[in-house]
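Presented below is the structure to which this report refers.
Read-outs throughout are calculated quantities, based only on the coordinates presented, and are distinct from any laboratory measurement. For clarity, every value in this text was computed on a predicted model and none was experimentally measured. As a convention, Cβ positions derive from the backbone with ideal geometry for all residues, glycine included, and neighbour counts pool all protein chains shown.
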Amino acid sequence: MTKEPVLSALERAYLAHRLVSEVLHHLDRGSQYAAQEHQKKLVEYGMKGSMSR
């Protein structure tokens, strides 16, 4: 999977819910989730990424 659909889904979720407190976003270890763009979006949206071992 490429990062584009992941970023699009993250943006749609953020816009739909606009959560007011920090969200813990659990991710697998795929490169699309570790991509710099994805990590920047998590920070921008006030989310914290959590990857399994």
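Filter the GluC sites (Glu not before Pro) in the chain down to the DSSP loop ones having no more than 16 other Cβ atoms within 10 Å, then list what survives.
Glu22
When the Debye formula is applied to the Cα atoms of the chain, each taken as the same point scatterer, what base-10 log of I(q)/I(0) results at q = 0.15, 0.23, 0.28, 0.29 Å⁻¹?
Rounded to two decimals, the profile gives -0.37, -0.87, -1.25, -1.31.
Points 7 angstrom from Cα along the Cβ direction at Leu15 and Ser52: gap in nanometres?
3.0
Have a look at Ser52, Thr2, His26 and report the one farthest towards the positive end of the charge dipole of the chain, computed about the Cα centre with Cβ charges (Lys/Arg +1, Asp/Glu -1).
Ser52
Could you check the simple spin-label distance between Arg29 and Glu44, using points 7 Å along Cα→Cβ, in nm with one decimal?
Calculated label separation equals 2.8 nm.
Considering only DSSP states other than H, G, I, E and B, which chymotrypsin sites (Phe, Trp or Tyr not before Pro) in the chain qualify as loop sites with at most 10 other Cβ atoms within 10 Å?
Sites meeting the loop and neighbour criteria: none at all.
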